[in-house]
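A.B. asks: Before anything else, here's the structure in question.
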Amino acid sequence: MARLLARFAEEIFWLARYMERVENLARILDVNETFSRDARGSQNWLSIVQLHADEKRFFERHQAATPAAVIHYYVLDTENPTSIAASLKYARENARTLRPLISTEMWSHLNVFHGQVKALEPSDITRSQLSRLCSRIKESCQTHAGIVEGTFYRDEGWSFYNIGKMIERADQTTRLLDIKYHLLLPSESDVGSPLDISQWNAVLRSAAGYHAFRRVYPRGMDPGAVAGFLLFNLSFPRSFAGSAVAAEHSLTQMKSRYNLKGGNHALELFDEIRSALGTYTIEDVLRSGLHEFLDYMQRQLILVTDELGRDFFGHERAAELPPPAQVGQSQVQVSA
């Protein structure tokens, strides 16, 4: 069997990450619009900029994180590499190169989806229309996922697609939880109030986890329960643990099936992630520092991506981040 070229493997990996990023961003914008009509509304829109570590780039072009500015920046602005329009552009460019390897249905749908977003005008993304637009974008991403599931040939490319998708999903979950947890952590007097409950609803809905959470916690809602669910629950496919374990499984299966020598260091990093997830409870994490724990996990994902690039994509080894002595001592930001 012909081996997958390194550049094709990398393009498949990033195609998956871009499409996962588009859906995640559409979810966040949609939910943020719904839950931004309160006393913290302006801060809620700023949190999207903070979520993507875009403060410097955003404020070079905008004076304030107004709803209109943030929506335009993350939907239509192709100069913003984390926007929906830019991510779809990159995904389409990768898919065009991958035409010999992906199905006709994958290419056709992605090409149409890209064209629909490219045709949007500023008048199409007003706040009154945002929820409808985000719903269409999410549905298109889910259609793409279904087409991939039903038509993508199960070879090494399939494995790289799944690894990329799950790494991106895990990364996005840590970002969402890190920013939203500290932004929304209420004063003691607000715990359990309607505002408190509605804001934690927003966090869960941003991760498409509200109904799944309610199956586990049918009564009550508090920050610790939400954080624990999004971090540790293996039965929820968008949890950090569920995503990281799925990425590790795909890498393990690929190495075994194709007798690949690379990827051992990436698997060691995944093993460290599983060890930390198995060692700490959410109470331990909140007591020692949620941000530090999430930062450690983000650093691990950076290093996993670096190892995959070196072993499979033909990259030189990137400058390594200084490893923290233990969970909770790192302070590095994941790049978009």
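Quick note: the coordinates plus some simple rules give every number you see, no bench work behind them. Source: prediction; values computed, not measured. Backbone-built Cβ (ideal geometry, glycine too); neighbour counts: all protein chains shown.
A.B. asks: Quick one: what are the phi-derived ³J(HN,Hα) couplings along the range 144-159, Karplus 6.51/-1.76/1.60 with θ = phi - 60°, whole Hz, x for glycine and proline?
C.D. replies: Working through the residues one at a time gives 4, 4, x, 5, 4, 4, x, 10, 7, 4, 7, 10, 4, x, 4, 5 Hz.
A.B. asks: From the phi angles alone, apply the Karplus equation (6.51, -1.76, 1.60; θ = phi - 60°) to the range 232-240 and give each ³J(HN,Hα) in whole Hz, x where the residue is Gly or Pro.
C.D. replies: After applying 6.51 cos²θ - 1.76 cosθ + 1.60, I find 10, 6, 6, 7, 9, x, 9, 5, 4 Hz.
A.B. asks: Next question. How large is the dipole of the range 1-153 about the Cα centre if only Lys and Arg carry +1 and Asp and Glu carry -1, each at its Cβ, rounded to the nearest 20 debye? Let's see the in-between values first.
C.D. replies: Working: 19 positive and 18 negative charges, 30 e Å.
My answer is approximately 140 debye.
A.B. asks: I've got another one for you. Calculated from DSSP H runs of 4 or more alone, at -39500 (n - 2.57) each and per residue, what is the 222 nm mean residue ellipticity of the chain, nearest 500?
C.D. replies: Details: 15 runs with 232 residues, N = 336.
Helices in the chain give a 222 nm mean residue ellipticity of -22500 deg cm²/dmol.
A.B. asks: Please give, to one decimal in nm, the separation of the simple spin-label points placed at THR143 and LEU286, each 7 Å out from Cα toward the Cβ.
C.D. replies: Calculated label separation equals 4.2 nm.
A.B. asks: Let me ask you something else. Going by C-beta contacts inside 10 Å, put ILE48, ILE163, ILE282 in order with the fewest on the left.
C.D. replies: ILE282, ILE48, ILE163
A.B. asks: On to the next question. All other residues with a Cβ under 14 Å from the Cβ of GLY278 taken together, and with Lys, Arg as +1 and Asp, Glu as -1, what is their net charge? Present the calculation step by step, with values, prior to reporting the outcome.
C.D. replies: Numbers: positive: ARG274; negative: GLU248, ASP271, GLU272, ASP284.
My count for the surroundings of GLY278 gives -3.
A.B. asks: On to the next question. Give me THR82, THR126, THR279 ranked fewest to most by other Cβ atoms within 10 Å of their Cβ, as a rough exposure proxy. Let's see the in-between values first.
C.D. replies: Numbers: THR82 20, THR126 12, THR279 9.
Arranged by neighbour count, lowest to highest, THR82, THR126, THR279 become THR279, THR126, THR82.
A.B. asks: With 10 angstrom as the radius, rank TRP107, TRP14 by how many other C-beta atoms surround their C-beta, starting from the fewest.
C.D. replies: Numbers: TRP107 16, TRP14 21.
Arranged by neighbour count, lowest to highest, TRP107, TRP14 become TRP107, TRP14.
A.B. asks: Build a GNM of the chain with springs between Cα atoms under 10 Å: which of ALA247, ALA119, ALA170 gets the top mean-square fluctuation?
C.D. replies: Of the options given, ALA119 has the highest mean-square fluctuation.
A.B. asks: For the chain, give the magnitude of the charge dipole about the Cα centre (Cβ charges: +1 Lys/Arg, -1 Asp/Glu; no others), in debye to the nearest 20.
C.D. replies: Numbers: 37 positive and 40 negative charges, 172 e Å.
Here the size comes out at about 820 debye.
A.B. asks: Check the chain and count each lysine pair with an alpha-carbon distance under 29 angstrom, considering only pairs eight or more places apart or from different chains.
C.D. replies: 16
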